[in-house]
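See below for the structure under consideration.
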Amino acid sequence: MPGPRVPGEPREPAPRERRPLLARGPRRPRRWWRAAAAAVLLVETLERAAFFGVAGNLVLYLNSADLQWAGEQASRAALVFLGASYLLAPVGGWLADVYLGRYQAIALSLLLYLAATGLLAATAFPDGRRSFCGERPALPLEPSCHPPDCLHTSPSPYCAPTLYAALLLLGLAASSVRSNLTSFGADQVMDLGRHANQRFFNWFYWSINLGAVLSLLVVAFIQQNISFLVGYCIPVGCVGLAFFIFLFATPSFVTKPPTGSQVSSMLKLALQNCCPRLWHRHSARDSPGAHLLPDQRSQQPGPSPQEDIANFQVLVKILPVMVTLVPYWMVYFQMQSTYVLQGLHLHIPNIFPNYPANSSVALRAQGSSYKIPEAWLLLANVVVLLILVPVKDHLLDPLLLRCKLLPSALQKMALGMFFGFTSVIVAGVLEMERLEYISHNQTVSQQIGQNIYYAAPLSIWWQIPQYLLIGISEIFASIPGLEFAYSEAPRSMQGAIMGIFFCLSGVGSLLGSSLVALLSLPGGWLHCPQDSGNINKCRMDLYFFLLAGIQAATTILFIGITGRYERAAQSRASQSCPKRDSG
C-alpha cells in the first residue's frame, strides 16, 4: 500500500480516475513532438512580448498629451487591465474544458487578442481617436484659487469607454491564453516522459521572460521616444505572427477534446454547506432529480459524488492559503502602475547626451536626446528571475536539501511576502525623499515623449532596489504558489484550482485599483487634480506605507493559517502509518 503523503507532494489519483485520452493517431516521430513544443514556446514568447508591449508603458500612454489622463486615473486603468488579465483566467479554462477544447480556445483567444491590440493601436493616432472616441472636450474654466480654499475636480478621462473596452478584451484574451497554453504545451511532450515535461516547463518559463525582455528593450523605447502608434503596432504584429505560427503548426499538435467541468458540482456543494435552508428551498422547487449530482442521476464517466465531496473538502482547505496571498498581489502589481508613475517624476538620464563628440545630426535636429525608457526598470525584475531561478534550482536548493534545510512551498511563500513588504517600504522611503526635494522647489523639468514632467533631482536608478526586491519576492511567492496549487489539488481539479490561483492574483490587482480610487477622492492622499498628471502634491509615500502595513498583517495571518494546514497534513500522514503497517 502507498505510504503517507507529505505536504507539497503531488496527490495520487483515485483508482477510478483515468487521464483523458488524447485525440491523436499513431505514435509520431520525435521530431514532430519537438516541432509542436517549439511552436508553443514561440507563440508564448510572441504573446508575452505583445502583453508587455501594452502593459509596460500603459501609464505613460494614458498620461500623454493626446489623452491627458490624471496620474491616479492612469494608474487605476493599468491595475484594472492587469487584474482582468488574471481575474478572467477561469473563464478561458472553463470554456476550453466544457465547450471548445484547448486548441480552439487558444486560436479564438489569439483572434480576440489581435482585435483588441488593433483597437488600442487605433487610438494612438488622431483619425482613429476621432473615429472611436470623438473629439476631445475642452477643459472647463475654473476660478483661480489655492487649496484648501477651493477643491478642483478631476475631469472625466477622454476616450475612457473605448480604452477600457480594449483593455478588458485584451485582458480576457491574455488570461485565456495563459490558462490554456501551458497545459496544451505539456500535452505535446506527455509521451516523452516526466523529464521532458520538466524541461518543457523550464523552457516555457524562460520564453515568458524572453518575450518580456524583447518587448521592454525595443517596444518601450519606441513608445517613449518615437511614437506610441509605432510602438502599439508592434504588439499587433507579434499577435498576428503568433496566430499564424499556431495555425501553421496545427498538423504537428496533439489535441484533447473537452472533458467537462466540476464547477457546477462545487457550487452546489458550497451552497449546500453554507446555506442549507436556501439549498433545501431551491431543491424543493426543482424536479425530483435536479438537485442530484450527475453521477447520482445516471451512470456517466466522471467523478463520483464521493469524489466531488472529497474534492470540495480539499478546496476548502486550500482556498484560505491562496486568499491570504491577495495582498501580496496588491503589492506585486504596483511594479507596473504606481512604480512607473513614481519613476516618471525622478530624473531620467539621456541615452545619448548631446555632447558634440557623439551627437548626431538627427539628434541635434530634435533639440534633445533620447531618454532611457522608464519601463526599462522592469528589466531588473526580469533579469533577476533569469539569473536567480537557475541558481536556485541547480545550486541553492540541492545544497539546502543535502543539509536538510530545504523549506516547504508554504515557507517559501511567506519569505516571498516578506520581500514584497520590503520592496514597498523601499518605494515609500524613496517617495518621502522625492517629496522632500519637491517641498524645497528643487525640481528638474524633463520632456518624456510629448509631456513635461517636473521631477526631483534624484536619479531614477534609485528605483532599482524596489524592482529587485519584487523580483526576488516573485521567486519565493509566485513560483512556489503555483507549485502548492498544483501539488495539493486532486488531479480532476488541478485546472480549476490553477484558475482560482490566477483569479485571486487578479483580485489583488483590482483591490489595489480600488484602493487608489478611494484615496483619489477629495481629501485623499492621492487627490491632486491641480497637478494635471503630476504627483508632486500627492502623498504616494503614505499609500506605499499603507500597502506595507496590509502586507505585514496578512503575512502574520498567512503564517498562522499555513502552520495549521501543515500540522493537519502531518496528522493525516501519521494516522495513515498504522494502516500501512497493518496492510
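Under the combined filter of DSSP loop state and at most 16 neighbouring Cβ atoms within 10 Å, segment 431-478 retains none of its GluC sites (Glu not before Pro). Ranked by solvent-accessible area (1.4 Å probe, protein heavy atoms only, all chains present), the residues H394, H440 order from largest to smallest as H394, H440. Residues whose amide H lies under 5 Å from that of T255, counting only those 5 or more places away or on a different chain, are A23; hydrogens are built 1.01 Å from N in the peptide plane. Taking each of K256/K317; K392/K537; K317/K392 in turn, the alpha-carbon distance tops 32 angstrom for K392/K537.
The values are calculated or read from the model by the stated rules, or taken from the named source; none is laboratory data. Nothing here was measured: the structure is a model prediction, and the numbers come from that model. Here Cβ is always computed from backbone atoms with ideal geometry, including for glycine, and neighbour counts include all displayed protein chains. Just the protein is used for accessible areas: all its heavy atoms, side chains included, with ligands, DNA and RNA removed. Shrake-Rupley method; radii C 1.70, N 1.55, O 1.52, S 1.80 Å.
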